[in-house]
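What follows is a short report on a single structure.
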Amino acid sequence: MEPLVAVLVFEFISVGTGGEYTKTALVEFGKIVLFGSSFGFTFAHALNFSINRKWIPHYLLNVFALASVLGVFVLSDSFAHESGLLAVVVMGMVLGNSKSEYLKELLYFKESLSILLISILFILLSANINMEDLLLVYNWKTAILFSIVVFVLRPIGVFLSARNSSLKLNEKLFISWVGPRGIVAAGIASLFGLKLVNSGVAGAEYITPLVFMIVLGTVILNATTARLFARIVGVFLKKANGILIIGASDVSRLIAQYLKKNERHVVLIDSNPTHIDKARNEGLEAIITDIYSDALVDNIELSDMGYIMALTGSADINTYAINKYRSQFGENGAYRLVTEDETNNPEEALFSLTDDFTLLTRTVKKYPVIHEIEINDETHFKKLIEITINDKDSIPLFIKDTNGELKIISSYSLESPNIAKGCQLVYLGKPIETV
């Protein structure tokens with residue numbers, strides 16, 4: 001909302017003649033709001049509709065989106081002078097809140113474009129500053145404003161924006177400290193400051209140097225203290241414990257629900273839209289994608305993934321997935337389901353060598369429940385595992401230690417489980433009688 005409010009305020013100031021807001025000036029302001037909002041809203045939906053209907057070739061998607069934005073800016077400005085900026089701001093807000101499957105791809109392009117343009121913006125902003133301008137804001141009032149921006153306004157903005165999100169208090173505090181970096185303020189200052197000075201608006205000469213000092217101060221402060229502040233508020237990632245599950249079938253979703261209840265970050269990926277929709281409806285984090293695509297590697301949502309579990313019905317896909325993504329997301333372990341045809345004992349084999357996708361699916365249909373049973377020692381553990389292997393209706397999944405940490409069971413861990421008294425065996429399917 002910041003860009004929209006800033007644009008509206010600027011347009012309202014601009015329509016005034018010598019500071020007098022006459023009826024004609026207000027009509028002009030109304031035209032700017034009307035044409036800017038209507039053009040931005042209409043063409044945003046038109047672009048989204050065209051993308052979803054696949055009328056635009058995929059390789060031209062980014063270029064067409066950029067051309068559309070520039071076209072809307074020029075078209076709106078031709079109907080009402082100065083309304084083009086408002087039109088593209090509204091267009092961006094509408095597109096950003098759409099549910100297009102191509103939105104993330106456009107966002108990646110936007111980020112690349114933003115880095116280039118913002119770099120140029122800061123250079124131009126600095127080029128417009130001279131020492132005389134900086135001396136205008138070299139006083140204690142600037143220090144007070146800087147403190148208010150950093151310690152009051154930015155946290156208020158973050159907390160209001162994230163009021164219905166799943167972010168924790170410490171995460172909101174960290175975002176408040178490093179998130180808003182003054183990009184919007186710098187853009188507005190460079191675009192509006194000179195125009196207001198040329199229009200003779202009183203006090204406009206303070207805008208550009210003041211914003212420059214605020215941006216420079218926050219960048220230096222945040223860049224030097226971000227790591228320390230992350231440790232203080234407890235958001236510093238010490239170890240990647242997230243689990244990436246390949247496949248979002250009934251089996252994968254049931255296991256993901258259990259992991260989520262045990263406070264593990266779980267993300268499911270699948271190319272089947274039906275499976276992804278079911279996962280999201282169950283409150284799980286799921287991404288529709290093809291594992292043969294390189295899009296996953298650049299996905300910021302997967303930055304804390306340290307384990308991979310390939311749970312699809314295709315042995316080829318499972319093998320390909322862990323081989324391709326082991327280095328990015330499987331630093332702590334990459335596991336896959338094996339097939340009955342594999343006579344060897346691969347290190348990445350999930351669960352036991354007899355638990356393939358068919359058996360898992362059949363078990364989930366009969367007994368869609370995950371149980372926990374306390375383990376006395378290694379002998380007791382091996383006896384429980386033997387029961388599950390012979391029973392065929394119970395499948396071992398994890399070992400939960402005394403601290404509540406989960407260890408994925410593989411065929412190798414069955415041979416050397418390192419069990420301590422008080423650990424629990426987590427298994428799927430038919431309840432095991434106490435032994």
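The values are calculated or read from the model by the stated rules, or taken from the named source; none is laboratory data. Since the structure is predicted, the reported quantities are computational estimates derived from the model, not experimental observations. Glycine gets a Cβ as well: all are built from the backbone with ideal geometry, and neighbour counts include every protein chain shown.
If you check L85, L61 for being farther than 18 Å from L103 by Cβ and at pLDDT below 90, only one passes: L85. Scanning region 65-87 for residues that are part of a helix (DSSP H, G or I) and crowded, with 16+ Cβ neighbours inside 10 Å yields A65, S68, V69, V72, F73, S76, D77, F79, G84, L85, L86, A87. Kindly establish whether E111 is of a type outside the set (S, T, Y) and either within 30 Å of P273 (Cα to Cα) or not in a helix (DSSP H, G or I) (or both). Yes. Which residue out of I156, I115, I129, I120 is touching a Ser or Thr at 6+ places or on another chain (Cβ under 9 Å), among the β-branched types (V, I, T) and modelled with pLDDT under 80? Exactly one residue qualifies, and that residue is I129. Residues in region 251-297 that are surrounded by fewer than 13 Cβ atoms within 10 Å (Cβ to Cβ) and either outside the structural domain of I317 (by TED's automatic domain parsing) or among the polar types (S, T, N, Q) (or both): T274, N281, S293. Within region 245-295, if we keep just the residues that are free of Cβ contacts under 8 Å to residues at least 12 places away in the same chain, in a helix (DSSP H, G or I) and more than 17 Å from the chain's Cα centre (by Cα), the residue that is farthest from L103 (Cα to Cα) turns out to be K261.
Can you go through T379, T388 and tell me which one is under 12 Å from P431 (Cβ atoms), part of a helix (DSSP H, G or I) and modelled with pLDDT under 85? Can you show your working first?
Numbers: T379 fails: under 12 Å from P431 (Cβ atoms).
Of T379, T388, the one residue that is under 12 Å from P431 (Cβ atoms), part of a helix (DSSP H, G or I) and modelled with pLDDT under 85 is T388.
Identify the residue in region 214-250 that is hydroxyl-bearing (S, T, Y) and surrounded by fewer than 21 Cβ atoms within 10 Å (Cβ to Cβ) and, among all such residues, is nearest to V149 (Cα to Cα).
Quick first cut of region 214-250, residues hydroxyl-bearing (S, T, Y) only: 218, 224-225, 249.
Filter once more, keeping what is surrounded by fewer than 21 Cβ atoms within 10 Å (Cβ to Cβ): 218, 224-225.
Details: T218: 9, T224: 18, T225: 17 Å.
Top of the filtered list is T218.
Taking the criterion of being loosely packed, with under 15 Cβ neighbours inside 10 Å and in a helix (DSSP H, G or I), would at least one residue in region 88-102 satisfy it? There is at least one residue in region 88-102 that is loosely packed, with under 15 Cβ neighbours inside 10 Å and in a helix (DSSP H, G or I). Residue selection: Y320 fails the criterion of being in a strand (DSSP E or B), assigned by TED's automatic domain parsing to the domain that holds I255, among the aromatic types (F, W, Y) and modelled with pLDDT of 85 or more.
So in region 402-421, with the set limited to residues that are modelled with pLDDT of 70 or more and outside any loop (DSSP other than H, G, I, E, B), which one is surrounded by the fewest Cβ atoms within 10 Å (Cβ to Cβ)?
Taking region 402-421 as the starting set, the residues that turn out to be modelled with pLDDT of 70 or more are 402-410, 419-421.
Imposing the further condition that a residue be outside any loop (DSSP other than H, G, I, E, B) reduces the set to 406-408, 410.
Numbers: L406: 20, K407: 15, I408: 19, S410: 21.
Restricting to residues being modelled with pLDDT of 70 or more and outside any loop (DSSP other than H, G, I, E, B), the top hit is K407.
Being surrounded by 15 or more Cβ atoms within 10 Å (Cβ to Cβ), among the charged types (D, E, K, R) and within 29 Å of the chain's Cα centre (by Cα) is the requirement here; does E105 meet it? Spell out how you get there, then give the answer.
On the way: surrounded by 15 or more Cβ atoms within 10 Å (Cβ to Cβ): yes; among the charged types (D, E, K, R): yes; within 29 Å of the chain's Cα centre (by Cα): yes.
Criteria met by E105.
Does at least one position in region 178-193 carry a residue that is under 22 Å from R231 (Cα atoms), assigned by TED's automatic domain parsing to the domain that holds F229, part of a helix (DSSP H, G or I) and modelled with pLDDT of 80 or more? Taking every residue of region 178-193 in turn, at least one turns out to be under 22 Å from R231 (Cα atoms), assigned by TED's automatic domain parsing to the domain that holds F229, part of a helix (DSSP H, G or I) and modelled with pLDDT of 80 or more.
Output the residues belonging to region 1-58 that are β-branched (V, I, T), modelled with pLDDT of 80 or more and not in a loop (DSSP other than H, G, I, E, B).
Result: I32, V33, T42, I51.
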